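Working notes, structure below.
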Amino acid sequence: MAVRIGHGPALSHCAWPESVTSMQGRDVSPGRTRAFVEVAIHEGAVNTFIRAESTVSLRHAEAKAFGRYLAYRSCRGHDFEHGVWRNGSGVCQHCRMWSPDVLEPLERCVECSAPTYYSSYGKRFWCEKHESSRPRHQWEIDMDAESEVDYDSAEFAQALSDVLTAVAKAGDK
Ligand SMILES: [Zn+2]
Ligand SMILES: [Zn+2]
């Protein structure tokens, strides 16, 4: 997908709250030229991410996104359901706002059965407390091996001592 992206004070046509972070751009994939606006908002009862597209203009995409924000803001009270999400995100039945961490995750820790989406291996999940018993992926094992420095080893102590001695000598001169 070819996307041209602009950052900065992009959303200038609507009265967004100051906490908004946004991205705008133009998706120029063949047969798919359209402007888009992406907005992350955490303001009062609105905690969500909005993406709106327009084949007309960036300004039009922004207006669409702003319309959704206004609908979310004027919701009489969010009432979340899981929808397609299993990680604890939910969608409000009234205003259709998606929001993270509003429900209990639908997965359960294999050790203690607590609802969790903390970490996974294949289709199994582990809570934060039992994360250490999760099997490691090969890339994690490789990364640990590469970065392994044994700070308790005699070799490390000697190397550090050599460096400190050299620094002290240099200081004496
Ligand atoms: Zn709502
Ligand atoms: Zn657990």
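Some values worked out for this structure:
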read-out: Among residues of the range 29-56, those that are part of a strand (DSSP E or B), β-branched (V, I, T) and surrounded by fewer than 17 Cβ atoms within 10 Å (Cβ to Cβ), counted; value: 0
read-out: Out of A71, A65, sole residue that is buried (at least 19 other Cβ atoms within 10 Å of the Cβ) and more than 26 Å from T116 (Cα to Cα); value: A65
read-out: Of the criteria (1) buried (at least 18 other Cβ atoms within 10 Å of the Cβ); (2) within 16 Å of ligand 1 (Cβ to nearest atom); (3) farther than 24 Å from D27 by Cα, which one Y117 fails; value: (2)
read-out: Selected residue (criterion: farthest from R68 (Cα to Cα)) from residues of the range 91-119 that are under 23 Å from the mean Cα position of the chain (by Cα) and among the β-branched types (V, I, T); value: T116
read-out: Conditions (1) within 16 Å of ligand 1 (Cβ to nearest atom); (2) closer than 30 Å to E131 by Cα: number failed by R86; value: (1)
read-out: In the range 120-143, residue nearest to ligand 2 (Cβ to nearest atom) [restricted to those that are assigned to a loop (DSSP other than H, G, I, E, B) and loosely packed, with under 15 Cβ neighbours inside 10 Å]; value: K129
read-out: Leading residue by the ranking (nearest to the chain's Cα centre (by Cα)) among those in the range 26-58 that are of a type in the set (V, I, T) and at pLDDT below 90; value: V28
read-out: Matching residues, the range 78-113, being assigned to a strand (DSSP E or B) and polar (S, T, N, Q); value: S99
read-out: All positions within the range 25-71 that are touching a helix residue (DSSP H, G or I) at 6+ places or on another chain (Cβ under 7 Å), free of Cβ contacts under 8 Å to residues at least 40 places away in the same chain and within 16 Å of ligand 1 (Cβ to nearest atom); value: I41, I50
read-out: Looking only at the range 59-114, and only at residues there that are within 16 Å of ligand 2 (Cβ to nearest atom) and among the acidic types (D, E), the one that is farthest from L11 (Cα to Cα); value: E111
read-out: Test: residue in the range 119-142 that is free of Cβ contacts under 8 Å to residues at least 12 places away in the same chain and more than 30 Å from V84 (Cα to Cα); value: yes
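The values are calculated or read from the model by the stated rules, or taken from the named source; none is laboratory data. Note that the structure is a prediction, hence the values are computed from the model and not measured. In this analysis, Cβ positions are derived from the backbone assuming ideal geometry, glycine residues included, and neighbour counts consider all displayed protein chains.
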